[in-house]
1. Any residue in the stretch 87-102 that is charged (D, E, K, R) and surrounded by 21 or more Cβ atoms within 10 Å (Cβ to Cβ)?
2. Identify, from the list V185, V220, V166, the residue that is modelled with pLDDT of 80 or more and either basic (K, R) or not in a helix (DSSP H, G or I) (or both).
3. Somewhere in the stretch 97-117, is a residue without any contact (Cβ under 8 Å) to a residue 40 or more places away in the chain, in a loop (DSSP other than H, G, I, E, B) and at negative phi?
4. Residues that are among the small types (G, A, S) and open to solvent by 30 Å² or more (accessible area, probe 1.4 Å): does the stretch 138-147 have at least one?
5. Would you say A217 is assigned by TED's automatic domain parsing to the domain that holds K147, in contact (Cβ under 8 Å) with a residue 40 or more places away in the chain and either more than 20 Å from D154 (Cα to Cα) or β-branched (V, I, T) (or both)?
6. Which one of these is touching a residue at least 24 places away in the same chain (Cβ under 8 Å) and open to solvent by 50 Å² or more (accessible area, probe 1.4 Å): V184, V166?
7. Can you name the residue in the stretch 103-114 that is open to solvent by 50 Å² or more (accessible area, probe 1.4 Å) and over 14 Å from the mean Cα position of the chain (by Cα) and, of all such residues, is nearest to R77 (Cα to Cα)?
8. Quick test of your reading of the structure: D80 fulfils all but one of (1) modelled with pLDDT of 70 or more; (2) open to solvent by 90 Å² or more (accessible area, probe 1.4 Å); (3) within 30 Å of R143 (Cα to Cα). Name the failing condition by number.
Amino acid sequence: MLPLIGILIVIVGFALRLNALLVVTLAGVATGLASGQSLPDVIAAFGKAFVDSRYIAIVWLALPVIGLAERSGLKERSRDVISRIRAATAGRVLLVYLALRQITAALGLVSLGGHAQMVRPLVAPMAEGAAENTHGDLPEATRERIKAMAAGVDNVGMFFGEDVFVAIGSILLIRGFLEQNGIVVEPLQLARWAIPTALCAFVLHGARLWWFDRQIARQVAADAPAGEQAS
């Protein structure tokens, strides 16, 4: 029963709201020592587990980098850069990102976008900056709508773009489902027929972004003081 002490350490550590990484590490070390292993063997086991699963752990290394970049003013700089482009609007910025997201997802590069690594630090601030350049100071509700629309653009581009790529999980899932119902298709056929779907999604969501610019203009005008509207 002694090797189960790691579970007790995890329960107590989480109950006391201690650092989760520290608690789990101490629980692992305690479990290894209680099992009769030496400290070097326990550390070697940690190292082996990290090396064997480094392709999973490497993704999380990007999150601290993104956080440091935001703290250093990445969002502010991206907003300033896009505000210098007079023709840029929130809808046009998001339309460009939609096209890039769909194209890269169709090529299998699904990790190039995403809410945490692309939308929050870059796309949403750029769309806000373009809207500010067009309409001036924005109401808080408008800013939240722009952020929501930026996240939605990433979802649409990813969802309809990735099916064009043959070696993707969604294609295999569709193929497996169809085969269970007696319909045999090749992944290349599914990917080929996903192209018109992706184009339709781009056109329809592009129209939504065109209309979104006009919704922003109306909302800003409605929230403006009476004196500013008269002027």
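The values are calculated or read from the model by the stated rules, or taken from the named source; none is laboratory data. Everything numeric in this text was worked out from a predicted model, so none of it was measured. Cβ: placed from backbone, ideal geometry, glycine included. Neighbour counts: every protein chain shown. Heads up: the accessible areas ignore ligands, DNA and RNA and are worked out on the full protein's heavy atoms, side chains in. Shrake-Rupley method; radii C 1.70, N 1.55, O 1.52, S 1.80 Å.
1. Checked against the condition, which is being charged (D, E, K, R) and surrounded by 21 or more Cβ atoms within 10 Å (Cβ to Cβ), the stretch 87-102 yields at least one hit.
2. Checking each option against the conditions leaves just V185.
3. Scanning the stretch 97-117 turns up at least one residue that is without any contact (Cβ under 8 Å) to a residue 40 or more places away in the chain, in a loop (DSSP other than H, G, I, E, B) and at negative phi.
4. yes
5. yes
6. Checking each option against the conditions leaves just V166.
7. The extreme case among them is I103.
8. In the conditions (1) modelled with pLDDT of 70 or more; (2) open to solvent by 90 Å² or more (accessible area, probe 1.4 Å); (3) within 30 Å of R143 (Cα to Cα), D80 misses (2) alone.
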